[in-house]
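Input: a single structure, listed below in structure tokens.
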């Protein structure tokens with residue numbers, strides 16, 4: 001049993017680069033030096049998540065802006081790109097994505113509704129005009 005534990009301790013540093021996270025550039029309009037850091041599921045509690053993110057921010061010269069409690073297992077940090085890429089190599093990181101601005105543009109054809117339908121029905125399920133049904 002003791003040999004098994006030592007072999008695991010010795011192999012984890014060798015395998016850790018294979019399990020490191022990924023870095024993604026912004027898909028929209030990038031927010032300069034701001035990154036969404038998503039942890040792997042091994043960090044279950046919110047308190048542990050916040051402590052780990054704060055520790056990462058201090059180690060990599062960043063600033064923890066926000067910790068997500070429901071939507072993601074992670075938070076938002078402010079740091080430069082080189083430090084974010086270096087942090088992405090940590091085994092507890094699932095991925096890091098540059099924060100971006102997302103815009104919703106509604107086309108004019110979807111924003112206005114037609115006043116009446118052209119199906120010829122007075123209400124759903126009718127087989128005759130509404131006037132005849134309510135006489």
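Each reported figure results from applying straightforward, stated rules to the coordinates on display, with no laboratory input. Because the structure is predicted, anything quoted here is derived from the model rather than measured.
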For the range 18-103, the fraction of alpha-carbon pairs in successive 10 Å shells from zero, as %: 20, 56, 23, 1
Percentage relative contact order, the range 18-103, counting C-alpha pairs under 8 Å, at least six apart: 53 percent
